[in-house]
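Before any comments, here is the structure.
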Amino acid sequence: MLQVGLAHFLVVSAILFSLGIYGIITRKNAVMVLMGLELILNAANINFVAFSKYGNLGINGQIVALFVIILAAAEAAIALAIVLNVYKTFANVNVDEINNLKD
Amino acid sequence: MTFYDIIFYLFAIITVASAFIVVTTRNIIYSGFSLLFTFFGVAGIYVLLGADFLAIVQIMVYVGGILILLLFGVMLTNKITNVDIRTGTVHLLPAAIGVGILFGALTSVMVYTEWKSEPGEIPLTTTFSIGKELLTNYVLIFELLGILLLIALIGAASIARREKE
């Protein structure tokens, strides 16, 4: 059990994923929800890279992880632009108080 | 317990502990800075898995880009001067129970499944192979991601700058 193998990396990724879900569910602030999202994407990436090494997939898993990182960067930029607009309209970014699409 | 194992547990503990702080602390700035350590821990895990290029990309894009962007988001959407930058939480207990069940299910699946584990050959430095694959087998996705990044850049700028009539 102490010998580090594939399962150890998968368990670390499962912990990160669960913590990310927990952050998304419990936080009110939209920026905190984004942080939970980044945790989940990191967990997925650990899985890709771990299977890339232990599953005899060569370099392909790492390339998919690279694509995920690029998409995360684009997503963070768009999401923060939306959050700034929401803040301009509602004067806060609490996701439980924002309940109409137009004023 | 080899040296590799000790390094793995070190990075795993850094990653998990700082991720725990990210989702539990009430001060949003502390969350942002804990996220820094989470990203560094994940980069260390990438190095342990033989993904050196990916670890550098992780540090440059996540720490240098996304985290700075998130901190800007925090500072632009909170009145730091007069209101404290705490963030509220909702449904703590149901969320903890649900996430606990989810985590138990995920972990049992990952530990008890007989994964087809045959360690393949990862080259010692992956930059050359990643570059070659990106411009041969994955060239369509590579170009599409370039276009996507351009669209995201333009879209983010135009959304954020829109004036209220």
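The values are calculated or read from the model by the stated rules, or taken from the named source; none is laboratory data. Owing to the predicted nature of the structure, the values given are computational and were not obtained by experimental measurement. Neighbour counts are summed over all protein chains in view; Cβ atoms, including those assigned to glycine, are modelled from backbone coordinates with ideal geometry. We work out accessible area using only protein heavy atoms, side chains counted, and drop any ligands, DNA or RNA first. Shrake-Rupley method; radii C 1.70, N 1.55, O 1.52, S 1.80 Å.
Considering just Cα atoms, how many Å³ per residue does the convex hull of chain B enclose?
Output value, Cα hull per residue: 200 Å³.
With each label point set 7 Å from Cα along the Cα-Cβ vector, what nm distance links B:Thr25 and B:Thr2?
Modelled inter-label distance: 3.6 nm.
Taking all protein chains together and a probe of 1.4 Å, list A:Ile63, B:Ile159, B:Ile68 from the most accessible to the least accessible.
B:Ile68, B:Ile159, A:Ile63
Hydropathy at least -1.0 by Kyte-Doolittle, axial extent at least 15 angstrom from the Cα trace: which helices of chain B, defined as entire DSSP H runs, fit?
Span-like helices, by this rule, are B:3-24, B:28-48, B:92-112, B:139-161.
Between A:Lys88 and A:Asn60, what FRET efficiency comes out of the Förster formula 1/(1 + (r/R0)^6) with R0 = 51 Å and r the beta carbon distance, rounded to 0.05?
With R0 = 51 Å, the Cβ-Cβ based efficiency is 0.75.
For A:Phe48, what accessible area in Å² do you get when you roll a 1.4 Å probe over the heavy atoms of the protein chains, rounding to the nearest 10?
Answer for A:Phe48: close to 80 Å² accessible.
Counting only protein chains, not ligands or nucleic acids, how are A:Tyr54, B:Tyr30 ordered by accessible area (probe 1.4 Å), most first?
B:Tyr30, A:Tyr54
In whole Å, what are the Cα extents of the stretch A:6-90 along the three principal axes, biggest one first?
Over the stretch A:6-90, Cα extents along the principal axes are 51, 24, 8 Å.
Counting only protein chains, not ligands or nucleic acids, how are B:Arg26, B:Arg161 ordered by accessible area (probe 1.4 Å), most first?
B:Arg161, B:Arg26
Among the helices of chain A (complete DSSP H runs), which have Cα atoms covering no less than 15 Å along the helix axis and a Kyte-Doolittle mean of at least 1.6?
Correct list, ordered by number: A:6-26, A:60-90.
To the nearest Å, what is the center-to-center distance of the stretch B:53-71 and the stretch A:5-71, using C-alpha atoms only?
Centre-to-centre distance over Cα atoms comes out at 14 Å.
At a probe size of 1.4 Å, how large is the accessible area of B:Thr125, to the nearest 10 Å²?
Near enough 90 Å² of accessible area.
Run the quick spin-label model on B:Leu149 and B:Ile68: label points 7 Å from Cα toward the beta carbon, then report their separation in nm to one decimal.
That separation, rounded to one decimal, is 1.5 nm.
Where in the stretch A:36-103 are there trypsin sites (Lys or Arg not before Pro) that are in a DSSP coil and have at most 10 other Cβ atoms within 10 angstrom of their Cβ?
A:Lys102
To the nearest 10 square angstrom, how much accessible area does B:Ser31 have with a 1.4 angstrom probe?
0 Å²
Only loop residues by DSSP count here, and only those with at most 13 other Cβ atoms within 10 Å; note down the GluC sites (Glu not before Pro) in the stretch A:19-103 that meet that.
In loop regions of the stretch A:19-103 (DSSP not H, G, I, E or B), the sparsely surrounded GluC sites (Glu not before Pro) are A:Glu97.
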